[in-house]
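Computed from the coordinates by the stated procedures, all read-outs in this text should not be read as laboratory data. Predicted model, so just to flag it, every value in this text is computed and none were measured. As a convention, Cβ positions derive from the backbone with ideal geometry for all residues, glycine included, and neighbour counts pool all protein chains shown.
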Amino acid sequence: MRIVFAGTPEFAVPSLRAAAGKGEVVAVYTQPDRPAGRGRGLQPSPVKREALQRGFPVLQPESLKSQLARDALHALQPDVMVVVAYGLLLPSKILEIPEQGCWNVHASLLPRWRGAAPIQRAIEAGDRETGVCLMRMEKGLDTGPVLLSQKLEIGEQETSGQLHDRLAELGAQVLADALGLLRAGMRPVPRPQPEAGVTYAHKLDKAEARLDWAQPAQVLARKVRAFNPWPMAEAMLAGERVRIHAALPLDAAHDAAPGRVLRATREGIDVACGEGALRLQVLQREGGRAITAADYLNSRPLPPGA
């Protein structure tokens, strides 16, 4: 079974390993190297590093819209093309080339959370479960029929980073199951997505990171989890910008204005919200590292009302 793999970030690496265990990976497509780090030198993607370690041919086109790109994929004679967080649009003519189509590993239970940030939006919305769908790609945005899926409960205090890692492994498992069926001559049966329940996971914007204390504490606590590790929730605390790595919502009655410190102890810094209070547990000062609220208060005491 000839497999072409297309992916870029760390999320796609377990799926590349799964593909390699189920067939012959004849080529790996990934985004061009990008500047990164303090030196802004060109850095390969996690998928490229994995592919090179395994000796797979790597292709890094800026686009797949040209006839040259189509000819290159045709020459590989793929049975199936697996796409996992690739980051480039696949034109219709590309989707038609692999004999079994293009399969996409998507980190949600479609049709909920189509789009760019399904993991973060599921946590932000307070979803209790999510999962992975293996979808046969078509022209629309994450609209194709689902081949296989698997559910996963979201932990009460789970961050996007933690959920990302679990879903990456689950996605690899679902992909391996589907490729195993295909190799055995049993094509997974595509199931059209229902029209009801469609939601879109819009791309994260750094401007969303600033917490609005007029919102309920439960909403802000979900944002803190959803935006960890990026873009990280942030606030101005007594005139100082801080990033908030962990926080706990409290069902606390108060008459303080939103954004005022109710109390500051070793357990955390309780800030008044539109409803309840948010206990800041792990913070990061400008240019520093993440520290507990107790360590923060040792260097910068905060009186109630701050």
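Here are the numbers for the structure shown:
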quantity	calculated
Rounded to the nearest 20 debye, dipole of segment 206-299 from Cβ charges on Lys, Arg, Asp, Glu	300 debye
Modelled FRET efficiency - R0 25 Å, residue 263 with residue 208, Cβ distances, 0.05 increments	0.35
Difference of contour (0.36 nm per residue) and Cα-Cα distance, residue 236 to residue 96	45.2 nm
For residue 210, distant residues with modelled amide H under 5 Å away	234
Sum of -39500 (n - 2.57) over DSSP H runs of 4+, divided by residues of the chain (222 nm, nearest 500)	-7500 deg cm²/dmol
Charge dipole (segment 2-201, unit charges on Cβ, about Cα centre) - positive-most of 66, 97, 198	66
With at most 13 other Cβ atoms within 10 Å, longest stretch of the chain clear of loop trypsin sites (Lys or Arg not before Pro) (DSSP)	41-127
Eligible aspartates and glutamates near residue 65 by straight Cα distance, threshold 17 Å, same-chain separation 8 or greater	96, 138
Amide hydrogen neighbours beyond the local backbone of residue 82, cut-off 5 Å, H modeled	4, 5, 6, 103
Longest segment of the chain lacking GluC sites (Glu not before Pro) that sit in a DSSP loop with at most 13 other Cβ atoms within 10 Å	196-266
Placed amide H near residue 143: partners under 5 Å, 5+ positions off or other chain	138
Overall dimensions of the chain as given by Cα atoms, namely Rg and Dmax in Å	22.5, 69
Unit charges on C-beta of K, R, D, E only; dipole of segment 38-94, Debye	280 debye
³J(HN,Hα) computed for each position of segment 136-146 - Karplus, 6.51 cos²θ - 1.76 cosθ + 1.60, integer Hz, glycine/proline x	7, 6, 9, 5, x, 6, 6, 9, x, x, 8
Violating pairs (Cα-Cα greater than 25 angstrom) within the set 48/151; 203/223; 93/206	48/151; 93/206
Local electrostatic count at residue 36 - Lys and Arg +1, Asp and Glu -1, tallied over other residues with Cβ under 15 Å	+3
Computed E for residue 2/residue 38 - FRET, C-beta separation, R0 45 angstrom, nearest 0.05	0.65
15 Å Cα-Cα reach of residue 22 towards aspartates and glutamates, excluding residues that sit fewer than 8 places from it in its own chain	79, 177
Gyration tensor (alpha-carbon) shape descriptor, segment 10-138, a/c threshold 1.5	oblate
Length gained when the stretch residue 89-residue 125 is fully extended (0.36 nm per residue, less Cα-Cα span)	10.3 nm
Net dipole in debye of the chain [+1 Lys, Arg Cβ; -1 Asp, Glu Cβ; about Cα centre; nearest 20]	600 debye
